[in-house]
Amino acid sequence: MTVSRRRLLPVLAGAGLAGGGMARAAVPVPLKLIVLDVGGTIIADRGEVPKAMLGALGRHGVAVTPRELASWRGASKRMMIEHFVRRARKSESLVEAIHADFNASAMRAYEKVARIAGAQEAMRAMQAMGLKLATTTGFDRPLNDAIMRRLGWEHFFVASVTSDEVREGRPAPYLLFRAMERAGIGDVRQVAAVGDTPLDLQAAHNAGIPAWGVFSGAATEERLRKEPAVAVLSSVAALPPLLRKGAPAPICR
């Protein structure tokens with residue numbers, strides 16, 4: 001019988017053998033915080049972000065294709081703009097103008113925000129389990145807050161962190177660490193994340209936090225399965241039944 005590394009390491013850890021020494025029973029750590037991405041994870045992704053970004057870049061003479069933009073989904077919007085401005089060898093003074101243009105376009109596009117089907121019910125179910133909820137996003141604070149006000153969702157979250165509040169966006173882990181700090185959680189074993197982009201899952205991996213991918217947004221199921229994840233789900237609506245079965249399994253890749 002062949003035993004994969006993915007299957008073997010949790011067994012060894014639970015037996016107290018991964019670090020050597022005598023066997024001891026693993027003590028389960030209760031899950032306390034679920035950190036949710038916003039666009040494509042709890043609100044519908046109808047192409048508002050790439051359309052607004054391509055328009056803002058183009059109006060300032062920075063040529064980018066939709067395919068080039070795709071790999072940046074989930075990233076800090078300012079970091080994205082800085083990258084393409086530098087690549088085009090344009091003046092960095094354009095970054096602020098393009099960012100303001102993008103935010104204005106995205107704000108108009110999200111005047112009618114569509115929820116991911118079942119997302120609100122899933123958040124209520126997770127709260128009923130005693131879990132804290134937080135959000136992280138590549139949006140900046142004004143856009144994120146406008147979206148939450150329009151949905152009436154502010155009360156769901158003990159913390160929200162936007163890309164303008166950390167030194168570096170995804171795939172760096174700082175958004176997640178800041179969400180933990182604001183939620184009063186100091187142990188990554190008590191945290192799990194949910195996101196619809198490869199960068200969401202990479203950030204969770206870099207933070208040492210298990211994550212579920214959801215193909216309700218920017219990335220396909222096939223693409224998300226190439227990243228470290230507990231599982232890939234159709235949407236966040238499928239998560240509460242899994243949480244009722246217990247905390248996510250360790251990721252060993």
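The values are calculated or read from the model by the stated rules, or taken from the named source; none is laboratory data. These numbers were taken from a predicted model, which means no experiment stands behind them. Please note: Cβ atoms are built from the backbone with ideal geometry, for glycine as well, and neighbour counts cover all protein chains shown.
Some observations on this one:
Residue-wise test of (1) buried (at least 16 other Cβ atoms within 10 Å of the Cβ); (2) in contact with a Ser or Thr (Cβ under 8 Å, 6 or more places away or on another chain).
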site: K77; (1), (2): yes, yes
site: R87; (1), (2): no, no
site: H99; (1), (2): yes, no
site: A128; (1), (2): no, no
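- Options L17, L12: the member that is modelled with pLDDT under 90, outside the structural domain of R167 (by TED's automatic domain parsing) and not in a loop (DSSP other than H, G, I, E, B): L12
- When the stretch 145-169 is filtered for residues that are of a type outside the set (S, T, Y) and surrounded by 23 or more Cβ atoms within 10 Å (Cβ to Cβ), the ones remaining, listed by number, are V161, G169.
- Taken over the stretch 67-106, the criterion of being in contact with a His (Cβ under 7 Å, 6 or more places away or on another chain) and small (G, A, S) is satisfied by A97 alone.
- Qualifying position, being at pLDDT below 95 and either buried (at least 24 other Cβ atoms within 10 Å of the Cβ) or farther than 22 Å from L239 by Cα (or both), among G184, G217: G217
- Matching residues, the stretch 31-75, being among the acidic types (D, E) and more than 17 Å from the chain's Cα centre (by Cα): E48, E68
- Test for V230: is it at pLDDT below 95, buried (at least 19 other Cβ atoms within 10 Å of the Cβ), out of contact with any Cys (no Cβ under 8 Å at 6 or more places or on another chain) and not small (G, A, S): yes
- Residues of the stretch 133-144 that are surrounded by 21 or more Cβ atoms within 10 Å (Cβ to Cβ) and of a type outside the set (S, T, Y): L133, A134, G138, F139, L143, N144.
- The helices (runs of 4 or more DSSP H) found wholly in the stretch 60-147 and carrying at least 3 residues that are on the phi < 0 side of the Ramachandran plot and small (G, A, S) occupy 94-109, 119-128.
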